[in-house]
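Visitor: I am attaching a structure below and will ask some questions about it afterwards.
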Amino acid sequence: MCLTALCPAGASPDSLAFIYFGKVLLVDPSSRELRLVGTLSPAAPAVGVDPQGWIWGRLEPRHLAALDPDSGELVARVRLPRKPYHQLIAADGKAYVTHQSPAKEGFTLTVVDTRSRSLLRELPGIAGLHTDLAQAAGLVYLAAEGASREDSRYSYLYQVDAAGSRIREVLRFEDAGYFWKLAADGDRLYLGYLPTREDPRLGRVEVRDARTMDLLGRWDKVPGPLRGLYAAAGQVLLFCGAGDGNTELLLLDPLLRAVPQVRRLPGPVGRVLGIIGGTLVYLDYPSEAGNRDMSVRFYGLEAGRELGRLKVRDFFLQPAGPLRR
């Protein structure tokens with residue numbers, strides 16, 4: 001499974017948003033409760049949160065739409081030229097939307113202003129399918145995998161300028177056995193080299209200056225196949241598969257230099273929702289994998305143990321009210 005970080009939802013600074021087969025939910029790590037916000041497209045793999053707290057995601061047939069988490073109402077929709085797939089909402093309120101269908105000029109990244117609820121521009125010419133999005137140093141980065149026979153062995157990293165008006169390739173890597181996932185913290189961009197299921201190598205991670213792309217550090221001593229990464233508050237988390245189906249978590253310093261702390265998480269990690277108050281909140285399976293038995297898990301990083309678990313399906317089977325455990 002591959003990890004993607006989400007942003008805290010604005011309805012409460014201590015809540016996190018995710019989507020489960022079209023149902024948008026908020027999770028409160030302190031009370032370990034779920035709350036239903038509303039409905040977007042069942043095809044949406046994730047949602048994003050804008051600076052005022054609205055939750056944005058895909059709405060059929062070709063819209064990026066927003067829910068107000070306080071009222072649950074659909075409060076905005078922006079029609080796009082193509083079906084949206086994934087989105088990153090930057091600190092300035094611009095949404096960067098990926099699409100899985102190619103245009104004449106290659107794949108396209110669409111920029112939407114969530115404040116004015118308008119389509120700003122399209123950035124064409126992307127050679128490859130999106131694998132991740134991240135923001136660092138005021139810049140947006142898009143990782144992609146080659147999608148044609150000619151470029152299938154390449155990973156591409158694109159940079160979008162601070163105005164959201166230009167996209168350019170800044171890094172290319174040739175190795176069909178790896179693909180890139182991203183994490184960011186301040187001015188540092190982290191590139192995880194994740195092995196494909198067919199490749200026996202374990203993977204590695206690099207940290208680069210987000211403005212210059214200078215290499216600042218590297219870590220390749222992972223104990224098992226690298227499955228994802230997350231960075232926040234001067235700490236880098238690497239998630240590695242264990243042979244028994246659980247996950248080895250490595251906690252590293254920002255420049256990947258110190259000996260990491262090692263934790264063991266029960267089961268797989270499919271999507272990181274965030275870290276609040278020292279509690280790591282994650283989904284054990286991402287919804288795009290088609291697993292309806294996913295759980296929200298709460299793991300205490302200092303305590304080194306699982307604090308609780310919520311089976312999302314149970315939320316929809318119980319009488320009205322928040323689900324607690």
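The values are calculated or read from the model by the stated rules, or taken from the named source; none is laboratory data. Not measured: the values here are computed from a predicted model. Quick reminder, even Gly has a Cβ in these numbers, built from the backbone with ideal geometry, and neighbours come from all protein chains shown. For accessibility, only protein heavy atoms count, side chains too; no ligands or nucleic acids. Shrake-Rupley method; radii C 1.70, N 1.55, O 1.52, S 1.80 Å.
Visitor: Looking at (1) part of a strand (DSSP E or B); (2) more than 21 Å from the chain's Cα centre (by Cα), find the lone condition where C240 falls short.
Guide: All conditions are met except number (2).
Visitor: Do we find a residue being under 19 Å from D244 (Cα atoms) and part of a strand (DSSP E or B) anywhere in the range 195-210?
Guide: Yes, there is a match, as at least one residue in the range 195-210 is under 19 Å from D244 (Cα atoms) and part of a strand (DSSP E or B).
Visitor: Does the range 95-107 contain any residue that is touching an Asp or Glu at 6+ places or on another chain (Cβ under 6 Å) and touching a residue at least 40 places away in the same chain (Cβ under 8 Å)?
Guide: Checked against the condition, which is being touching an Asp or Glu at 6+ places or on another chain (Cβ under 6 Å) and touching a residue at least 40 places away in the same chain (Cβ under 8 Å), the range 95-107 yields no hits at all.
Visitor: Also, quick follow-up: Among the residues of the range 213-231, write down those that are open to solvent by 30 Å² or more (accessible area, probe 1.4 Å) and either within 18 Å of G274 (Cα to Cα) or touching an Asp or Glu at 6+ places or on another chain (Cβ under 7 Å) (or both).
Guide: L215, L216, R218, P223, R227
Visitor: Restricting the search to the range 162-187, which residues are within 17 Å of S152 (Cβ to Cβ), open to solvent by 50 Å² or more (accessible area, probe 1.4 Å) and in a loop (DSSP other than H, G, I, E, B)?
Guide: Here is the first cut: in the range 162-187, the ones within 17 Å of S152 (Cβ to Cβ) are 169, 172-180.
Now drop any that are not open to solvent by 50 Å² or more (accessible area, probe 1.4 Å), which leaves 169, 172, 174, 176.
Hit for the range 162-187 is A176, nothing else.
Visitor: Would you confirm whether or not the range 136-150 contains a residue that is open to solvent by 40 Å² or more (accessible area, probe 1.4 Å), among the charged types (D, E, K, R) and at pLDDT below 95?
Guide: Checking the range 136-150: at least one residue is open to solvent by 40 Å² or more (accessible area, probe 1.4 Å), among the charged types (D, E, K, R) and at pLDDT below 95.
Visitor: Another question about this same structure. Do we find a residue being more than 26 Å from G228 (Cβ to Cβ), touching a Gly at 6+ places or on another chain (Cβ under 7 Å) and either aromatic (F, W, Y) or crowded, with 23+ Cβ neighbours inside 10 Å (or both) anywhere in the range 107-124?
Guide: Yes, the range 107-124 has at least one match.
Visitor: Within the range 21-29, is there a residue that is modelled with pLDDT under 95 and under 30 Å from E105 (Cα atoms)?
Guide: no
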